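The values are calculated or read from the model by the stated rules, or taken from the named source; none is laboratory data. Since the model is a prediction, treat every value here as computed from it, not as a measurement. In this analysis, Cβ positions are derived from the backbone assuming ideal geometry, glycine residues included, and neighbour counts consider all displayed protein chains. Quick note on the areas: whole protein, heavy atoms, side chains included, nothing else; ligands and nucleic acids left out. Shrake-Rupley method; radii C 1.70, N 1.55, O 1.52, S 1.80 Å.
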Amino acid sequence: MVLSMILMRLAHWILSCYRAAWKIRNHGKISPTRPPPPTQQPFMHPTITKWPTEGRATKTLVCDIHGTLLRTPSFFPYFMLVAFEGGGLLRAVLLLLSYPLLCVLDQEQKLRVMCFITFCGLSSKHMETVGRAVLPKFYLENLNLHAYEALASAGKRVVITNMPRVLVEWFLKDHLSVEEVIGTELHMVGCYFTGLLTPSGVVVKHKSLKETFGDTKPDVGLGSPHDPCFISLCKEAYVVGKEALMPREKYPKPLIFHDGRLAFLPTPTSTLALFLWLPLGFSLAIFRLLVGIFLPYNIVILSSALSGLKIRFKIPKTTCTTTTTNQKNGVLYVCTHRTLLDPILLSTTLAKPLTAVTYSLSKTSEIIAPIKTVRLDRQRDRDRETMRKLLREGDLVVCPEGTTCREPYLLRFSSLFAEMTDDIVPVALDAKVSMFYGTTASGFKCLDPILFLMNPWPWYRVEVMEKVAKEFTCGGGGRRSCDVANYMQELLGMALGFECTGFTRKDKYLILAGNEGVVKDKS
């Protein structure tokens, strides 16, 4: 934590010096801080909390997104998300290097420069993926509660913004049910953005409002205190403060699935800290990886803790002496699935070798895995025989969700594991990161373990629970396999405090990547 704070302060100091030097070069001196002119004082409008609650369903509400629906007025973090997640590391570096220049440009010029760096040569497919799977998470976490409640109560919802429409349209229409989004349009050649704006240029909000509604004024205008011209064109005008943040339980749609590698909002200072951390983080990941592969179990946890990897584990005393009903078979460990390291962390915690069954594991992950991994092919009869053979050889780890989930939800459990044995031990696993996500639906899966281990202080929870009673299994209790799977999902959900859902692996990949997440056999 101390290192992170030092890096952030250093980044802030460097940016401040760069900005000051730029102003000195262009203006000869740094102007002292002056109060804004009287014309830029906050316009006196009532806050949105004073909007009458009666008759809202018949009203037409017009608002902006940045500084109104979103608590922060800064555009830079969302351009950086598109540059990093959709365009790659080099594009993100170029956008960060342009930040000192952006500080001395006016709003329209700043927007044009960020659009060119972020979108030049970017395909519409990549932008669609980022807009659907990455940006909604950060928008929801920055959503203003009072502004959203006002928007949700209106009959017709229109958003006019000078941001590029492709950056906000998916979120506004899919999550906030906005009927019409008017934003700056980007020029395209075929399926690729040129980075230039269309001839209409940057949207002027008050002009677009007049063109959209003509002589008819919209009922309610919602904006920031410093945007009087825009909201004053409405019959009623209200402003939004920055006090209320949208809690997770009030999200318009539950945030269950999202993609992307960054686990934080990339402001200029945090992005600079990220790039300064990359060389050290990669070296640290290699060290942690080698420790897990070559050192004995009793040393791995201590060495990992010294490197910043925090592992909290809980093992009941009965687990250390667990014996199977049938001595010919091993124990089946049924785990929640957070990252590819789940079986490895369980094996380290129990201090014994385990075998893990996988589906779409990359060849790189299979090679560097310190435990035995066996790939299944999603053919139920064939997978059943494979798992039974592995159980006869020893203990087996299975993640019946079939894919990872980052948020506090459990996906529907596949029931195949319940048909294997009655010796079932549930394991509650959870992981938290501060910089990089170690999972992806549309990126390079071979980087998953590396990126997770590159986090400064990754956190893991491993809770091995008591063996499932025989009356709750298929053989001993005569229960159906689907009932056993649902029971296990509820049991692990209660242990972690997670909500159980009916979503499956197929649902996740259709939402995030537009495919079913199955790699076709090229042979």
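Go through the residues of the range 311-320 one by one and say whether even a single one is at pLDDT below 90, β-branched (Val, Ile, Thr) and open to solvent by 20 Å² or more (accessible area, probe 1.4 Å). Yes, that holds for at least one residue.
For VAL398, the test of being open to solvent by 10 Å² or more (accessible area, probe 1.4 Å), touching a residue at least 24 places away in the same chain (Cβ under 8 Å) and β-branched (Val, Ile, Thr) is passed. Among the residues of the range 451-463, is any over 23 Å from GLU366 (Cα atoms), open to solvent by 10 Å² or more (accessible area, probe 1.4 Å), free of Cβ contacts under 8 Å to residues at least 40 places away in the same chain and not hydrophobic (A, V, I, L, M, F, W, C)? The answer is no, given that none of the residues of the range 451-463 is over 23 Å from GLU366 (Cα atoms), open to solvent by 10 Å² or more (accessible area, probe 1.4 Å), free of Cβ contacts under 8 Å to residues at least 40 places away in the same chain and not hydrophobic (A, V, I, L, M, F, W, C). Selection over the range 188-212 of residues that are more than 32 Å from the chain's Cα centre (by Cα), in contact (Cβ under 8 Å) with a residue 40 or more places away in the chain and open to solvent by 20 Å² or more (accessible area, probe 1.4 Å) gives a count of 1.
The strands (runs of 3 or more DSSP E) found wholly in the range 330-398 and carrying at least 1 residues that are within 18 Å of LEU492 (Cα to Cα), among the aliphatic types (A, V, I, L, M) and within 27 Å of the chain's Cα centre (by Cα) occupy 332-335, 396-398.
Listed conditions (1) over 21 Å from ASP430 (Cα atoms); (2) modelled with pLDDT of 95 or more are all met by LEU396, apart from (1).
The rows are residues; the columns are (1) of a type outside the set (Phe, Trp, Tyr); (2) touching a Phe, Trp or Tyr at 6+ places or on another chain (Cβ under 6 Å); (3) open to solvent by 20 Å² or more (accessible area, probe 1.4 Å); (4) farther than 18 Å from LEU167 by Cα.
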position	(1), (2), (3), (4)
ASP106	yes, no, yes, yes
LEU111	yes, no, no, no
PHE116	no, no, yes, no
LEU122	yes, yes, no, no
GLU128	yes, no, yes, no
ARG132	yes, yes, yes, no
LYS137	yes, no, no, no
LEU143	yes, no, no, no
HIS146	yes, no, yes, yes
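Just so you know, in the range 402-432 the residues that are among the acidic types (Asp, Glu) and touching a Cys at 6+ places or on another chain (Cβ under 9 Å) include one that is least open to solvent (accessible area, probe 1.4 Å), and it is ASP422. Pairs meeting the criteria (first residue in the range 56-71 and open to solvent by 20 Å² or more (accessible area, probe 1.4 Å), second residue assigned to a helix (DSSP H, G or I) and not basic (Lys, Arg), beta carbons under 6 Å, at least 6 apart or on different chains) are ARG56/SER153.
Counting the residues of the range 164-194 that are among the acidic types (Asp, Glu) and either in contact with a strand residue (DSSP E or B) (Cβ under 6 Å, 6 or more places away or on another chain) or under 18 Å from ALA83 (Cβ atoms) (or both) gives 3. Across the range 193-235, the qualifying residues are those that are outside any loop (DSSP other than H, G, I, E, B) and among the basic types (Lys, Arg), and the one among them that is farthest from ILE117 (Cα to Cα) is LYS210. If you go through the range 476-501 and keep only what is more than 19 Å from ASP430 (Cα to Cα) and either in a strand (DSSP E or B) or β-branched (Val, Ile, Thr) (or both), you end up with just VAL484. Of the residues in the range 423-432, none is within 26 Å of MET488 (Cα to Cα) and out of contact with any strand residue (DSSP E or B) (no Cβ under 8 Å at 6 or more places or on another chain). Restricting LEU265, LEU274 to those that are surrounded by 14 or more Cβ atoms within 10 Å (Cβ to Cβ) and part of a loop (DSSP other than H, G, I, E, B) reduces the list to LEU265. Hey, among the residues in the range 479-512 that are out of contact with any helix residue (DSSP H, G or I) (no Cβ under 7 Å at 6 or more places or on another chain) and of a type in the set (Phe, Trp, Tyr), which one's most open to solvent (accessible area, probe 1.4 Å)? Among those residues, the one meeting the criterion is PHE503.
Touching a helix residue (DSSP H, G or I) at 6+ places or on another chain (Cβ under 9 Å), more than 25 Å from GLU85 (Cα to Cα) and among the basic types (Lys, Arg): does that describe ARG132? So ARG132 does not fit the description; no. Checking ALA441, ALA431, ALA418 one by one, the residue that is among the hydrophobic types (A, V, I, L, M, F, W, C), farther than 30 Å from GLY476 by Cβ and not in a strand (DSSP E or B) is ALA441 and no other. Close Cβ contacts (under 7 Å, 6 or more residues apart or on different chains) running from residues in the range 413-429 that are within 18 Å of LEU346 (Cα to Cα) to residues that are open to solvent by less than 10 Å² (accessible area, probe 1.4 Å) and assigned to a helix (DSSP H, G or I) comprise PRO426/MET488; PRO426/LEU492; VAL427/LEU346; ALA428/LEU492; LEU429/ASP342. Sort out which residues of the range 280-305 are among the polar types (S, T, N, Q) and either surrounded by fewer than 13 Cβ atoms within 10 Å (Cβ to Cβ) or more than 17 Å from THR348 (Cα to Cα) (or both), and write them in order of number. The answer is SER283, ASN298.
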